[in-house]
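Worksheet: one structure, shown below.
The values are calculated or read from the model by the stated rules, or taken from the named source; none is laboratory data. As the structure is a prediction and not an experimental result, all values here were calculated from the model. Reconstructed Cβ throughout: ideal geometry from the backbone, glycine too, with neighbour counts over all protein chains shown. Each accessible area value is taken on the protein alone, full model and side chains, heavy atoms only, with ligands, DNA and RNA left out. Shrake-Rupley method; radii C 1.70, N 1.55, O 1.52, S 1.80 Å.
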Amino acid sequence: TRQVATWQLAKRRVAPWRCARAWCRPCSSEATGERPAPAPAPVLLFRARSLENESRSVENAITFATVGMSGGMGFAFLGLAPLTSPNLFMIGLLLAIFQVQFGYSLITRQLYMQRRRWVMELYRDEDKHLVTVVCDANLKRVWTLGNDAATGDTPSMQDIAEKGKMFFYLDREVGEVMDAEGLDALLADSKGIEEEKVEVKPVIGETEELSKRIVQSFSELTRTNLQQMAGKDGGSPIQQLDVLERAAKITGVSFMTMGLLFYVMGNWSAQNAIHRAAQSYTPSPASHASPAKAT
């Protein structure tokens with residue numbers, strides 16, 4: 001018996017991890033060097049490139065449009081200057097400045113609206129019911145899905161993927177599907193969004209609060225809203241950026257052409273008015289009379 005007890009004690013000293021008492025300190029993970037298993041990382045389902053090249057072309061077109069609008073307005077006011085009073089001229093000039101600024105802000109906002117609906121990366125963490133959407137132009141959405149299927153007017157993931165393309169566009173032809181089965185399961189999921197966190201960086205002419213108001217939150221949308229927006233997204237953001245680039249160039253050319261036309265017409269009208277006034281001018285006889293002699 002003494003030999004058996006001595007052998008068991010030696011066995012415990014050599015291999016303390018085999019002790020049946022789990023609460024014993026030598027058997028803890030700190031003493032044995034064991035670490036708990038790490039939590040599974042989110043699974044990357046989809047990945048696409050950025051629209052930086054298309055955006056750079058549109059930005060050049062916006063600059064061209066801004067120069068065209070400014071130059072066209074300048075030529076137009078040069079043509080109207082001889083025909084208007086100074087007060088009306090200054091008021092019109094101030095309104096033209098605000099109009100050019102408004103046009104530049106509007107086109108730039110449309111550019112970033114298209115970039116922010118472009119999905120670059122899509123992750124899913126099934127254990128935490130989280131879906132992370134990384135869009136272009138520094139926009140990130142984190143959705144917390146519910147445990148049960150969406151009911152009532154709450155949209156599901158399937159509703160968002162099919163009818164919410166105005167704010168969420170996933171292009172499989174341009175991007176790369178990393179997990180086809182997982183992506184199809186997510187886009188066809190009947191669960192709704194319980195909570196949404198939006199991270200966005202402001203762009204030119206925006207504040208942080210304005211950027212958050214401009215970016216549409218899916219947690220605030222209903223199935224009725226998505227039904228009304230279905231089919232009105234205009235297609236892929238790449239196509240929309242191409243349309244926006246052509247529209248900006250046409251706007252710049254149109255304003256410059258109309259400004260030159262106003263300048264030519266206004267200058268011609270002013271020159272004709274001066275010419276007619278010069279022809280019809282007849283000096284009065286008093287102007288040719290000799291001055292009276294001083295007495």
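The residue pairs whose first member lies in the range 249-274 and is closer than 26 Å to ALA61 by Cα, whose second member is aliphatic (A, V, I, L, M) and open to solvent by 80 Å² or more (accessible area, probe 1.4 Å), and whose beta carbons are closer than 6 Å, counting only pairs six or more residues apart or on different chains, are TYR263/LEU78. Candidates are the residues of the range 46-73 that are of a type in the set (S, T, N, Q) and farther than 11 Å from THR251 by Cβ; the one that is farthest from the chain's Cα centre (by Cα) is SER70.
Any residue in the range 108-117 that is open to solvent by less than 20 Å² (accessible area, probe 1.4 Å) and farther than 30 Å from MET256 by Cβ? Yes, the range 108-117 has at least one match.
Listed by first and then second residue, the pairs linking a residue in the range 41-59 that is more than 12 Å from CYS135 (Cα to Cα) to a residue that is surrounded by 14 or more Cβ atoms within 10 Å (Cβ to Cβ) and among the aromatic types (Phe, Trp, Tyr), with Cβ atoms under 7 Å apart and 6 or more places separating them unless they lie on different chains, are PRO42/TYR123; VAL43/TYR123; LEU44/TYR123; LEU45/TYR123.
Looking only at the range 235-245, filter to residues that are in contact (Cβ under 8 Å) with a residue 40 or more places away in the chain and out of contact with any strand residue (DSSP E or B) (no Cβ under 6 Å at 6 or more places or on another chain); which one of those is nearest to GLU59 (Cα to Cα)? Spell out the reasoning first.
Filtering the range 235-245 down to residues in contact (Cβ under 8 Å) with a residue 40 or more places away in the chain leaves 236-238, 240-242, 244-245.
From what is left, the residues that are out of contact with any strand residue (DSSP E or B) (no Cβ under 6 Å at 6 or more places or on another chain) are 236, 238, 240-242, 244-245.
Numbers: SER236: 18, ILE238: 14, GLN240: 14, LEU241: 10, ASP242: 11, LEU244: 10, GLU245: 8 Å.
Residue satisfying both the conditions and the ranking: GLU245.
Note on the range 149-183: among residues that are in contact with a strand residue (DSSP E or B) (Cβ under 7 Å, 6 or more places away or on another chain) and in a loop (DSSP other than H, G, I, E, B), the one that is farthest from PRO237 (Cα to Cα) is ALA150. Every test in (1) crowded, with 20+ Cβ neighbours inside 10 Å; (2) part of a helix (DSSP H, G or I) is passed by GLY192 save one, and that test is (2).
Scanning the range 219-261 for residues that are within 22 Å of VAL133 (Cα to Cα), charged (D, E, K, R) and surrounded by 13 or more Cβ atoms within 10 Å (Cβ to Cβ) returns ARG223, ASP233. Scan the range 195-218 for residues that are within 14 Å of ARG116 (Cα to Cα), surrounded by 14 or more Cβ atoms within 10 Å (Cβ to Cβ) and under 14 Å from the mean Cα position of the chain (by Cα) and the total you get is 10. Scanning the range 85-101 for residues that are part of a helix (DSSP H, G or I) and open to solvent by less than 60 Å² (accessible area, probe 1.4 Å), we see that the one that is nearest to THR66 (Cα to Cα) is VAL100.
Among the candidates GLY152, GLY182, single out the residue that is crowded, with 17+ Cβ neighbours inside 10 Å and of a type in the set (Gly, Ala, Ser).
Values: GLY152 fails: crowded, with 17+ Cβ neighbours inside 10 Å.
Testing whether each residue is crowded, with 17+ Cβ neighbours inside 10 Å and of a type in the set (Gly, Ala, Ser) leaves just GLY182.
Residues of the range 41-84 that are open to solvent by 50 Å² or more (accessible area, probe 1.4 Å) and either over 29 Å from GLN110 (Cα atoms) or not in a helix (DSSP H, G or I) (or both): ALA41, PRO42, VAL43, ARG47, ARG49, LEU78, LEU80, PRO82, LEU83, THR84. Only residues that are within 16 Å of LEU45 (Cβ to Cβ), touching an Asp or Glu at 6+ places or on another chain (Cβ under 9 Å) and not in a strand (DSSP E or B) were counted across the range 108-148, and they come to 1.
Scan the range 135-147 for residues that are without any contact (Cβ under 8 Å) to a residue 60 or more places away in the chain and surrounded by fewer than 19 Cβ atoms within 10 Å (Cβ to Cβ) and the total you get is 4.
For ARG124, the stated conditions hold: it is of a type outside the set (Ser, Thr, Tyr), open to solvent by 20 Å² or more (accessible area, probe 1.4 Å) and touching a Gly at 6+ places or on another chain (Cβ under 7 Å).
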